[in-house]
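Let me give you the structure first, and then I'll get to my questions.
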Amino acid sequence: MPITTCIFDAYGTLFDVAAAARQAAQEPAHAKLRETWAEVAAHWRLKQLQYTWLRAVMDQHADFWEVTQNGLDWALEAAGLQGDAALRQRLLDLYWELQCYPEVPEMLAALRNGGRQTAILSNGSPAMLDGAVRSAGIANVLDDILSVESVGVFKPDSRVYDLVGARFGCAPEEVLFVSSNGWDAAAASCYGFRTAWVNRAGEPVDRLPWTPDTILSDLTTIPAEAGL
């Protein structure tokens, strides 16, 4: 069955989650971040994800913005920067303006021009996602932005992936699901989507019963993966 719908995770897939720490580290007011920004960015993302998994398992959902702040607070304390309120606020402000990866606008435009439906499916709250999409200037090449807030549970709960069929009226096998998270791509494969894992860091494949259909180093060839 041909691909009709291309669904993208947001953070780490379309948007560079390290951009906030990297940019803040370049600003004179936050020079103390220069030596540790990569560590802070990595810990921030890891804790953000870990907290979503724990909340999903414990049935204790919270808005992704709360989880994002919790993850940052852990990361700053781990780096010995927990007392810098101005740095914390700057990093949070920048998270609403994350840069998209360079190939994203052209890739999404090619999908839309080729007749494919495009959307984001993310743990992010609607307000966060709207801010990122507008900042990146890609609203005109997306058909919709789907947030877990409508079902009140984080990925990889199957109710999140159900949102795609409910919105677009497509069968799972018509969907190409694209994520930078190996666990997300694996869960989407289990669900029945065709999947592409964008493995920019060259990480090993997760030891799970399900694997991505395709592993890519960036998003450039997604239109070809969708049959264009």
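If the Cβ limit is 8 Å and pairs must be 6+ apart or interchain, which residue in the stretch 204-226 that is closer than 13 Å to Ala185 by Cβ pairs with which residue that is aromatic (Phe, Trp, Tyr) and outside any strand (DSSP E or B)?
Pairs found: Asp206/Trp183; Leu208/Trp183.
Moving on. Run down Arg167, Arg159 and say which single residue is in contact (Cβ under 8 Å) with a residue 40 or more places away in the chain and assigned to a helix (DSSP H, G or I).
Arg167
Restricting attention to the stretch 43-62, which residues are of a type in the set (A, V, I, L, M, F, W, C) and open to solvent by less than 60 Å² (accessible area, probe 1.4 Å)?
Within the stretch 43-62, Trp44, Leu49, Ala56, Ala62 qualify.
Can we say Asp206 is surrounded by 14 or more Cβ atoms within 10 Å (Cβ to Cβ), over 18 Å from Ile120 (Cβ atoms) and in contact with a Lys or Arg (Cβ under 6 Å, 6 or more places away or on another chain)?
The answer is no for Asp206.
What do you reckon, is Gly115 open to solvent by 10 Å² or more (accessible area, probe 1.4 Å), of a type outside the set (A, V, I, L, M) and in a loop (DSSP other than H, G, I, E, B)?
It is true that Gly115 is open to solvent by 10 Å² or more (accessible area, probe 1.4 Å), of a type outside the set (A, V, I, L, M) and in a loop (DSSP other than H, G, I, E, B).
Return the residues of the stretch 173-203 that are open to solvent by less than 30 Å² (accessible area, probe 1.4 Å) and of a type in the set (D, E, K, R); say none if nothing qualifies.
Across the stretch 173-203, the qualifying residue is only Asp184.
If only one of Ala20, Ala79 is over 27 Å from Thr220 (Cβ atoms) and in contact (Cβ under 8 Å) with a residue 40 or more places away in the chain, which one is it?
Step by step, each of Ala20, Ala79 is checked, and only Ala79 is over 27 Å from Thr220 (Cβ atoms) and in contact (Cβ under 8 Å) with a residue 40 or more places away in the chain.
What's the number of the only condition in (1) out of contact with any helix residue (DSSP H, G or I) (no Cβ under 6 Å at 6 or more places or on another chain); (2) in a helix (DSSP H, G or I) that Gly83 fails to meet?
Here Gly83 meets the rest and fails (2).
The values are calculated or read from the model by the stated rules, or taken from the named source; none is laboratory data. A quick note: this is a predicted structure, and the numbers were derived from the prediction, not measured. Methodologically, a virtual Cβ is constructed for each residue, glycine included, from the backbone with ideal geometry; neighbour enumeration extends over all protein chains shown. To get the accessible areas, we keep the full protein, side chains included, count just its heavy atoms, and leave off ligands, DNA and RNA. Shrake-Rupley method; radii C 1.70, N 1.55, O 1.52, S 1.80 Å.
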